[in-house]
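Enquirer: Questions regarding the structure given below will be posed in turn.
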Amino acid sequence: MAAVDDLQFEEFGDEATSAANPGATTIHIEGPSESPAHQPGLSRGSGGEEDDELLGNDDSDKTELLAGQKKSSPFWTFEYYQTFFDVDTYQVFDRIKGSLLPIPGKNFVRLYIRSNPDLYGPFWICATLVFAIAISGNLSNFLIHLGEKTYHYVPEFRKVSIAATIIYAYAWLVPLALWGFLMWRNSKVMNIVSYSFLEIVCVYGYSLFIYIPTAVLWIIPQKAVRWILVMIALGISGSVLAMTFWPAVREDNRRIALATIVTIVFLHTLLSVGCLAYFFDAPEMDHLPTATVAPNQTVAAAK
Amino acid sequence: MAEAAESSGDPGTTSPRPLFAGLSDISISQDIPVEGEITIPMRSHIREFDSSTLNESVQNTIMRDLKAVGKKFMHVLYPRKSNTLLRDWDLWGPLILCVTLALMLQRSSIDSEKDGGPQFAEVFVIVWFGAVTITLNSKLLGGNISFFQSLCVLGYCILPLTVAMLVCRLVLLAEPGPINFVVRFFVVIVMFAWSIVASTAFLADSQPPNRKALAIYPVFLFYFVISWMILTFTP
């Protein structure tokens with residue numbers, strides 16, 4: 001009787017189906033971590049460039065599909081914005097660690113963000129940086145002018161708003177400009193790697209993390225120490241940015257690619273040196289009550 | 001005297017007897033009294049809400065709200081895991097605390113031209129927009145707390161820092177010097193820790209477990225900035 005056989009489980013292994021039904025097609029669905037070509041260990045060495053290309057090729061198709069499926073709520077609902085905060089604590093820590101340790105060949109976006117750009121990191125890192133710069137600047141000025149008779153301590157609260165404007169403008173407008181530029185070049189030259197606007201915002205936000213301990217250490221009133229800190233911070237975050245965006249412009253005209261990378265690093269330098277100059281008084285100069293008077297005095301003295 | 005006729009099926013069938021069939025045989029005689037009292041506990045409450053809050057004296061109304069605010073102050077000062085702040089939230093306490101803090105922190109008119117401390121409006125904006133941003137952040141991360149409940153908790157937990165501000169103001173009346181600063185620093189640090197502990201006790205349970213640190217860090221930053229403003233206040 002067929003009743004007993006009907007009750008047994010059927011094996012649906014590959015061999016069984018292909019043997020039982022030669023006309024059937026079997027589809028292999030692999031996760032991104034299963035195929036050997038996706039292991040990050042292969043991305044080092046001289047063959048790293050080609051492997052990066054392969055990674056970029058396959059990943060971009062899959063993750064664009066996934067990205068399209070994820071953000072399906074219309075933009076006026078709350079759920080749409082919740083998809084940008086879909087990170088756990090350990091993921092945020094991993095991304096911060098990735099921005100602090102740039103390893104050649106490992107692309108920050110591909111490794112840490114590719115599946116899931118978030119807005120939590122950029123927003124709160126910028127907020128912390130704003131207050132870190134304003135508070136450290138105030139504290140450093142207080143310590144430098146401590147012994148002077150004519151110095152009256154003021155909390156300089158106005159500088160918080162100025163710092164907030166600078167940092168948030170940098171963290172949002174520069175990615176916007178860069179994204180627009182990359183889209184424009186993409187329409188002219190077929191690039192293999194392309195980033196969405198949120199991924200660029202994410203990279204910029206997490207790359208600013210190194211400036212938080214740097215701002216705190218800038219309290220030390222030694223010019224040499226401050227400039228060494230600037231070099232270190234610029235080296236780390238600049239290299240994270242350069243290594244992220246090099247694959248995106250590599251296909252382009254050599255000069256345009258180099259100019260893009262140089263501009264990115266230059267703007268980053270401008271930000272750090274500008275913050276150091278504006279919020280932190282120079283340690284050797286005395287008799288200067290406020291930081292805004294200092295440039296005028298040095299210009300007057302130089303004439 | 002009620003007597004119901006028994007409704008039965010045709011005699012001769014073997015159908016089972018219906019439930020409670022025997023009840024119809026009982027007749028209620030007059031010597032078994034059936035009487036009693038039914039009291040509804042909520043009745044007096046409902047009557048009170050109907051009309052009496054309109055007719056009560058103004059003092060009663062104000063004292064009731066003030067007592068609610070005071071009760072919540074006690075809960076903040078001795079933080080235990082309780083639901084009082086969340087269940088009956090109100091925004092009177094945060095408003096009183098914020099206005100007090102902003103009035104005490106604003107810069108005097110003497111140095112309003114130079115770079116000085118914050119203005120009243122700046123403190124107000126920092127407190128309220130900071131609380132709104134933290135609440136939005138916690139909701140976006142998936143917390144299940146309502147918007148005003150979170151504002152209520154964050155506002156009430158400014159109470160230790162307002163107390164620190166009062167103490168600092170009193171200490172600043174004495175002569176300035178390093179001891180003055182050390183005392184103020186110590187007071188502000190203790191009250192800052194108290195605020196963090198109080199708000200964590202109320203807010204931590206409403207966050208998803210793997211994102212607690214992400215939701216608590218902005219609270220830490222918020223109270224840190226307020227503590228900084230209190231510590232650097234110079235009259």
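Enquirer: Quick one: which of A:PRO283, A:PRO289 is in contact with a Pro (Cβ under 6 Å, 6 or more places away or on another chain), at negative phi and at pLDDT below 90? I'd like the intermediate steps shown before the answer.
Expert: On the way: A:PRO289 fails: in contact with a Pro (Cβ under 6 Å, 6 or more places away or on another chain).
Step by step, each of A:PRO283, A:PRO289 is checked, and only A:PRO283 is in contact with a Pro (Cβ under 6 Å, 6 or more places away or on another chain), at negative phi and at pLDDT below 90.
Enquirer: How many residues, within segment B:193-212, are within 14 Å of chain A (Cβ to nearest Cβ) and either without any contact (Cβ under 8 Å) to a residue 60 or more places away in the chain or surrounded by fewer than 19 Cβ atoms within 10 Å (Cβ to Cβ) (or both)? Break it down stepwise before answering.
Expert: Quick first cut of segment B:193-212, residues within 14 Å of chain A (Cβ to nearest Cβ) only: B:204, B:207-212.
Subset that is either without any contact (Cβ under 8 Å) to a residue 60 or more places away in the chain or surrounded by fewer than 19 Cβ atoms within 10 Å (Cβ to Cβ) (or both): B:204, B:208-210, B:212.
Final tally of qualifying residues: 5.
Enquirer: State yes or no: is B:ALA215 surrounded by fewer than 17 Cβ atoms within 10 Å (Cβ to Cβ) and either modelled with pLDDT of 95 or more or small (Gly, Ala, Ser) (or both)? Before you say what the answer is, go through the steps one by one.
Expert: Numbers: surrounded by fewer than 17 Cβ atoms within 10 Å (Cβ to Cβ): no; either modelled with pLDDT of 95 or more or small (Gly, Ala, Ser) (or both): yes.
No; evaluated as a whole, the condition is false for this residue.
Enquirer: Tell me, yes or no, whether segment A:140-154 has at least one residue that is under 26 Å from A:ILE96 (Cβ atoms) and not charged (D, E, K, R).
Expert: Step one: of segment A:140-154, the residues under 26 Å from A:ILE96 (Cβ atoms) are A:140.
Then drop every residue that is not not charged (D, E, K, R), which leaves A:140.
Within segment A:140-154, one or more residues are under 26 Å from A:ILE96 (Cβ atoms) and not charged (D, E, K, R).
Enquirer: Of all residues in segment A:130-161, which are among the β-branched types (Val, Ile, Thr) and either modelled with pLDDT under 90 or in contact with a Leu (Cβ under 6 Å, 6 or more places away or on another chain) (or both)?
Expert: Within segment A:130-161, A:ILE144, A:THR150, A:VAL154, A:VAL160 qualify.
Enquirer: Taking the stated definitions as given, is A:ARG255 part of a helix (DSSP H, G or I), surrounded by fewer than 18 Cβ atoms within 10 Å (Cβ to Cβ) and out of contact with any Pro (no Cβ under 7 Å at 6 or more places or on another chain)?
Expert: On the way: part of a helix (DSSP H, G or I): yes; surrounded by fewer than 18 Cβ atoms within 10 Å (Cβ to Cβ): yes; out of contact with any Pro (no Cβ under 7 Å at 6 or more places or on another chain): yes.
So A:ARG255 fits the description; yes.
Enquirer: Residue check, B:VAL153 against (1) under 13 Å from B:ALA131 (Cβ atoms); (2) within 13 Å of chain A (Cβ to nearest Cβ), all met but one. Which one?
Expert: (2)
Enquirer: Determine whether segment A:132-154 contains at least one residue that is within 12 Å of another protein chain (Cβ to nearest Cβ), closer than 23 Å to A:ALA215 by Cα, within 14 Å of the chain's Cα centre (by Cα) and among the β-branched types (Val, Ile, Thr).
Expert: No, segment A:132-154 contains no residue that is within 12 Å of another protein chain (Cβ to nearest Cβ), closer than 23 Å to A:ALA215 by Cα, within 14 Å of the chain's Cα centre (by Cα) and among the β-branched types (Val, Ile, Thr).
Enquirer: Given the options B:GLY130, B:GLY117, name the one that is of a type outside the set (Ser, Thr, Tyr), under 15 Å from A:VAL160 (Cα atoms) and at pLDDT below 90.
Expert: Numbers: B:GLY130 fails: at pLDDT below 90.
None of the other options fit; the residue is B:GLY117.
Enquirer: If we only count helices (runs of 4 or more DSSP H) wholly inside segment B:109-217, which ones have 3 or more residues that are under 20 Å from A:TYR81 (Cα atoms) and out of contact with any strand residue (DSSP E or B) (no Cβ under 9 Å at 6 or more places or on another chain)? Even if it seems obvious, please write down each step before you answer.
Expert: Numbers: elements: B:120-140, B:147-156, B:159-172, B:178-203.
Hits in segment B:109-217: B:120-140, B:147-156.
Enquirer: Okay, next question. Failed condition for B:VAL182, given (1) more than 22 Å from the chain's Cα centre (by Cα); (2) touching a residue at least 40 places away in the same chain (Cβ under 8 Å), with all others met?
Expert: (2)
Enquirer: For segment A:116-129, how many residues are facing another protein chain (nearest Cβ under 10 Å) and assigned to a helix (DSSP H, G or I)?
Expert: Residues that pass the stated criteria total 6.
Enquirer: Checking A:GLY274 against (1) at pLDDT 90 or above; (2) more than 24 Å from A:ALA177 (Cβ to Cβ): exactly one of these is not met. Which one?
Expert: Answer for A:GLY274: the failing condition is (2).
Enquirer: Here's a follow-up. What is the one condition in (1) within 13 Å of another protein chain (Cβ to nearest Cβ); (2) surrounded by 15 or more Cβ atoms within 10 Å (Cβ to Cβ); (3) small (Gly, Ala, Ser) that B:ALA164 does not satisfy?
Expert: B:ALA164 satisfies all of (1) within 13 Å of another protein chain (Cβ to nearest Cβ); (2) surrounded by 15 or more Cβ atoms within 10 Å (Cβ to Cβ); (3) small (Gly, Ala, Ser) except (1).
Enquirer: Have a look at B:PHE120, B:PHE124 and point out the one that is in contact with a Leu (Cβ under 8 Å, 6 or more places away or on another chain), within 14 Å of chain A (Cβ to nearest Cβ) and free of Cβ contacts under 8 Å to residues at least 40 places away in the same chain. Show your work before the answer.
Expert: Working: B:PHE124 fails: in contact with a Leu (Cβ under 8 Å, 6 or more places away or on another chain).
Of the residues listed, the single one that is in contact with a Leu (Cβ under 8 Å, 6 or more places away or on another chain), within 14 Å of chain A (Cβ to nearest Cβ) and free of Cβ contacts under 8 Å to residues at least 40 places away in the same chain is B:PHE120.
Enquirer: Within segment A:175-205, can you find the residues that are part of a helix (DSSP H, G or I), in contact (Cβ under 8 Å) with a residue 12 or more places away in the chain and of a type in the set (Phe, Trp, Tyr)?
Expert: Within segment A:175-205, A:TRP179, A:PHE181, A:PHE197, A:TYR204 meet the criteria.
The values are calculated or read from the model by the stated rules, or taken from the named source; none is laboratory data. The structure displayed is predicted, hence computed values, not measured ones. Methodologically, a virtual Cβ is constructed for each residue, glycine included, from the backbone with ideal geometry; neighbour enumeration extends over all protein chains shown.
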